[in-house]
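Working notes, beginning with the structure itself.
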Amino acid sequence: MIGIFDSGMGGLTVLKAIKEEMPSIDVLYFGDTKNAPYGSRSREELTALTIKAIQLLRSRGSRSIVSACNSVSASMTVSLFDTFSISSAQSRQHGAEQPEHLIEMVGPTVSYFRESTARLLLCATQATIDSHMYQNAFEMIGKSVDAFAIPELAGAIEAGSNEEKIERTIRAALEAATEQGMSVQNYDVLILACTHYPLVTPVFQKMLGKGVLVFDPAIAVAERVKKQLWPREMADGKMTFLLSQDSEPFRAFAAKLFPGSAYTIEVVS
Ligand code: DGL
């Protein structure tokens with residue numbers, strides 16, 4: 001059984017892509033709805049929340065973990081687990097066991113564009129943008145990416161806000177980006193580097209028009225999961241959702257993304 005975590009419903013977009021590739025994988029999903037949104041949190045807070053999430057999933061039997069949250073990559077904790085396979089002193093102190101596999105968002109997403117010549121623009125939470133994780137990773141493969149934050153968008157989606165509010169939030173960020181010299185018509189691709197954002201892809205696409213491709217990194221992450229965890233994680237296709245606080249919008253999105261699928265939702269304290 002693989003464990004997937006996010007601040008809330010954003011990781012459902014990654015889960016959906018994984019399930020499309022591998023329907024018979026068993027998944028335990030943790031949405032930290034009580035502490036969402038993560039994108040405005042400090043690095044220290046993100047470290048502590050990441051360790052807690054991994055600990056919960058490990059204690060419920062997930063040996064392979066997918067961090068479906070870009071913002072926690074900003075804390076570096078996930079990358080340290082992933083890249084160097086080390087347990088940080090803090091994780092040992094909290095008693096978190098090392099997952100056997102940990103897949104995160106940044107590496108698979110950046111690798112996906114290795115051969116691309118497209119002009120790339122990326123949007124994400126403030127924590128992700130400020131960490132420069134993506135900007136540095138693209139530089140490592142010799143590519144440049146321009147990046148801007150969309151403050152409050154993940155929180156608005158998590159709260160189940162209406163389309164008008166979502167559109168207003170995106171428009172304000174696009175205007176601010178234009179003022180900083182990042183005008184969308186100068187790019188071929190907009191990378192949605194927050195897993196909440198693909199839940200409102202039609203709104204992005206409507207605002208950007210046909211000239212800009214809106215890219216959901218879930219595709220790249222699902223490919224990585226398949227490469228690393230398949231077929232060893234082949235099972236019965238069960239889905240269990242753990243939430244740190246009950247959430248109607250989460251339930252609504254889960255029902256919309258997985259119609260007709262059996263799953264259970266449990267609120268954990
Ligand atoms: N979905 C997460 C991400 O990819 C977290 C967003 C948030 O909670 O602010 O960054």
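The values are calculated or read from the model by the stated rules, or taken from the named source; none is laboratory data. Owing to the predicted nature of the structure, the values given are computational and were not obtained by experimental measurement. Positions of Cβ are backbone-derived with ideal geometry, glycine not excepted, and every protein chain shown enters the neighbour counts. Ligands, DNA and RNA are stripped out before the accessible areas are found, and what is left, the full protein with its side chains, is counted by its heavy atoms. Shrake-Rupley method; radii C 1.70, N 1.55, O 1.52, S 1.80 Å.
Is it the case, given these coordinates, that VAL203 is under 20 Å from THR128 (Cβ atoms) and within 19 Å of the chain's Cα centre (by Cα)?
yes
Need a quick list: strands (runs of 3 or more DSSP E) entirely within segment 13-107 having at least 2 residues that are at pLDDT below 90.
Strands (runs of 3 or more DSSP E) meeting the threshold: 101-103.
Among (1) open to solvent by 20 Å² or more (accessible area, probe 1.4 Å); (2) more than 21 Å from ALA36 (Cα to Cα), where does LEU199 come up short?
Every condition holds for LEU199 apart from (2).
Could you grab me the full set of residues in segment 243-269 that are among the small types (Gly, Ala, Ser), closer than 24 Å to PRO23 by Cα and part of a loop (DSSP other than H, G, I, E, B)?
Those that are among the small types (Gly, Ala, Ser), closer than 24 Å to PRO23 by Cα and part of a loop (DSSP other than H, G, I, E, B): GLY260, SER261, ALA262.
Within segment 2-34, can you find the residues that are open to solvent by 10 Å² or more (accessible area, probe 1.4 Å) and under 15 Å from the mean Cα position of the chain (by Cα)?
Answer for segment 2-34, where residues must be open to solvent by 10 Å² or more (accessible area, probe 1.4 Å) and under 15 Å from the mean Cα position of the chain (by Cα): THR13, LYS16, ALA17, PHE30, THR33.
Regarding segment 121-131, can at least one residue be identified that is touching an Asp or Glu at 6+ places or on another chain (Cβ under 6 Å) and surrounded by 21 or more Cβ atoms within 10 Å (Cβ to Cβ)?
Yes - at least one qualifying residue is present in segment 121-131.
Condition first: among the polar types (S, T, N, Q) and either over 17 Å from SER131 (Cβ atoms) or more than 16 Å from the ligand (Cβ to nearest atom) (or both). Now tell me which residues in segment 55-72 satisfy that.
Those that are among the polar types (S, T, N, Q) and either over 17 Å from SER131 (Cβ atoms) or more than 16 Å from the ligand (Cβ to nearest atom) (or both): GLN55, SER59, SER62, SER64.
Report, by residue number, each residue of segment 49-71 that is within 13 Å of the chain's Cα centre (by Cα) and more than 11 Å from PHE5 (Cβ to Cβ).
Hits for segment 49-71 are ASN70, SER71.
So, in segment 117-160, how many residues would count as being within 14 Å of the chain's Cα centre (by Cα) and away from the ligand (no atom under 13 Å from the Cβ)?
Qualifying residue count for the region: 0.
Taking GLN185, is it out of contact with any Phe, Trp or Tyr (no Cβ under 9 Å at 6 or more places or on another chain), touching a residue at least 40 places away in the same chain (Cβ under 8 Å) and open to solvent by 50 Å² or more (accessible area, probe 1.4 Å)?
Here the answer is no, as GLN185 does not meet what is asked.
Does ALA177 fit the bill of being within 15 Å of the ligand (Cβ to nearest atom), open to solvent by less than 20 Å² (accessible area, probe 1.4 Å) and part of a helix (DSSP H, G or I)?
Answer is no for this residue.
Looking only at segment 207-224, count every residue that is modelled with pLDDT of 95 or more and open to solvent by 70 Å² or more (accessible area, probe 1.4 Å) and tell me the total.
Final tally of qualifying residues: 3.
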